[in-house]
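Taking it in order: structure first as structure tokens, then the write-up.
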Amino acid sequence: MATGRPLALARPTAKNEQERSSISTRVRSPGWRAKAIASGADREPGATQTSEIPDAASWSAKVTAKRWLTLAWSMVVTLLHGFMQDGRAWDELVARLPAEWTVIRPDLGGQTSIAAAADAVTQPSHLVGYSMGGRVALWLAVQHPDRVLSLTTISAHAGLEPAERAARAAADQALAGRIEREGMDWFAGYWAAQPMFARLAGQADLDAMRRAQNAVGVAAMLRGLGPAAVEPFWDRLAAISAPALFIAGSEDGRYPEMARRLAAAVPLGRAEIVAGAGHAVHLERPGEVAALLEAHLSTR
């Protein structure tokens, strides 16, 4: 069963994808002056930060890679959520991270290709992704290494083998059509009943998050960002130069082996298997994941 507090939903999620906010959220960090919040320039004591994220162009050119890596107040972490979730799914993990970290949670809702989803990451940061978001994070680390200071994935892989991919693509096409016909109330129940989510049963806030999704948008994401939609890129993982951590739950079928395979393929990769956890490790064991992430970034 999941541990920690239930998911706290800070705001409703609009069913209309166009109405959903594209502004990422950040952890409140003391000691940042108002001017820095607005401009992205150097920060000093005297102000607290707001939740609005400035455009990538506004970040000062003076913020060098060395400073992103070495100064605690400049630890910028980007969290990419999974399918049928939004940024609020990270609430329990974020609550356990150091308060001085800046946490960005892009909303991937409505994205229909891995390249478009990757464009949600607009600045160098320590990248963390779960499941679908983990696949996006891996792809981004291969395609745009300049945006990835370090990499962490939870329950992720780099694509399906050809035979499995073809079968999964056909199944996902059929499922997407059914989502469009029957709507989110049906699909939320169907999705929650999958064995990989058994340990999350009874989390009303998570169920509400799922049901708040837009059926047309979810179907489009399944077609464009599902496991079968992405061309496998296992053979390109050796190009990832960032330090990488691959997390999986010990009770999540083949995902522990996937984590080990990723770690073997990435030069600076390592795997951590969380005992007794299933697929959504960050929801089931947020404290353990926070500790793993903090240790992973402590030497960055």
Exercise for the section: Filter the range 219-252 down to residues that are without any contact (Cβ under 8 Å) to a residue 40 or more places away in the chain and assigned to a strand (DSSP E or B), then give me how many there are. Expected result: 0
Fill in the blank from the handout: All-but-one check, Ala170 against (1) in contact (Cβ under 8 Å) with a residue 24 or more places away in the chain; (2) surrounded by fewer than 21 Cβ atoms within 10 Å (Cβ to Cβ); (3) among the hydrophobic types (A, V, I, L, M, F, W, C), failing number (1)
Practice task
For the range 263-286, indicate whether the set of residues that are buried (at least 21 other Cβ atoms within 10 Å of the Cβ), in contact with a helix residue (DSSP H, G or I) (Cβ under 7 Å, 6 or more places away or on another chain), more than 30 Å from Gly189 (Cα to Cα) and not charged (D, E, K, R) is non-empty.
Solution key: yes
Handout entry: Failed condition for Val216, given (1) surrounded by fewer than 21 Cβ atoms within 10 Å (Cβ to Cβ); (2) touching a residue at least 12 places away in the same chain (Cβ under 8 Å); (3) assigned by TED's automatic domain parsing to the domain that holds Met132; (4) assigned to a helix (DSSP H, G or I)
Key = (3)
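Is it the case, given these coordinates, that Ser241 is over 16 Å from Leu138 (Cα atoms), touching a helix residue (DSSP H, G or I) at 6+ places or on another chain (Cβ under 9 Å) and among the polar types (S, T, N, Q)? If you could, list the steps in order and put the result at the bottom.
On the way: over 16 Å from Leu138 (Cα atoms): no; touching a helix residue (DSSP H, G or I) at 6+ places or on another chain (Cβ under 9 Å): yes; among the polar types (S, T, N, Q): yes.
The answer is no for Ser241.
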Exercise for the section: Run down Arg181, Arg168, Arg147, Arg199 and say which single residue is of a type in the set (D, E, K, R) and at pLDDT below 95. Expected result: Arg199
Practice task
Look at Gly253 and say whether it is closer than 17 Å to Phe83 by Cβ and surrounded by fewer than 19 Cβ atoms within 10 Å (Cβ to Cβ).
Solution key: yes
Completion exercise
Among (1) part of a helix (DSSP H, G or I); (2) under 21 Å from Leu149 (Cα atoms), Leu283 falls short only on (2)
Completion exercise
Checked the range 136-151 for anything under 18 Å from Phe83 (Cβ atoms) and either touching a residue at least 24 places away in the same chain (Cβ under 8 Å) or of a type in the set (Asp, Glu) (or both); matches are Val136, Ala137, Leu138, Trp139
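In the list Met196, Met209, which residue meets the criterion of being within 19 Å of the chain's Cα centre (by Cα), crowded, with 21+ Cβ neighbours inside 10 Å and outside the structural domain of Gly82 (by TED's automatic domain parsing)? Spell out how you get there, then give the answer.
Numbers: Met196 fails: crowded, with 21+ Cβ neighbours inside 10 Å.
After applying the criteria, what remains is Met209.
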Practice task
Kindly list, by first and then second residue, each pair from a residue in the range 111-124 that is assigned by TED's automatic domain parsing to the domain that holds Leu140 to a residue that is among the small types (Gly, Ala, Ser), limited to pairs with Cβ atoms under 7 Å and residues at least 6 apart or on different chains.
Solution key: Gln111/Ala117; Thr112/Ala220; Thr112/Gly224; Ser113/Gly224; Thr122/Ala56; Gln123/Ala56; Pro124/Ala65
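This table checks each residue for (1) under 19 Å from Glu294 (Cβ atoms); (2) touching a Leu at 6+ places or on another chain (Cβ under 7 Å).
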residue	(1), (2)
Arg96	yes, no
Glu100	yes, no
Val103	yes, yes
Val121	no, yes
His126	yes, yes
Arg135	no, no
Leu140	no, yes
Arg147	no, yes
Handout entry: Matching entry among Ala188, Ala137, Ala158, Ala176 (being of a type outside the set (Lys, Arg), buried (at least 17 other Cβ atoms within 10 Å of the Cβ) and not in a helix (DSSP H, G or I))
Key = Ala158
Completion exercise
Apart from one, (1) of a type outside the set (Phe, Trp, Tyr); (2) outside the structural domain of Val266 (by TED's automatic domain parsing); (3) crowded, with 17+ Cβ neighbours inside 10 Å all hold for Gly129; the odd one out is (2)
Handout entry: Checklist (1) of a type outside the set (Ser, Thr, Tyr); (2) farther than 27 Å from Gly183 by Cβ; (3) out of contact with any strand residue (DSSP E or B) (no Cβ under 8 Å at 6 or more places or on another chain) applied to Ala228, failing item
Key = (2)
Exercise for the section: Could you please tell me which pairs satisfy a Cβ distance under 6 Å, a separation of 6+ or placement on different chains, a first residue in the range 81-109 that is closer than 13 Å to Val128 by Cβ and not assigned by TED's automatic domain parsing to the domain that holds Asp185, and a second residue that is buried (at least 22 other Cβ atoms within 10 Å of the Cβ) and of a type in the set (D, E, K, R)? Expected result: Gly87/Arg105; Trp90/Arg105
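The values are calculated or read from the model by the stated rules, or taken from the named source; none is laboratory data. Bear in mind that the values here come from a model prediction, so they are computed numbers and not experimental data. Note that we place each Cβ from the backbone using ideal geometry, even for glycine, and neighbour counts take in every protein chain shown.
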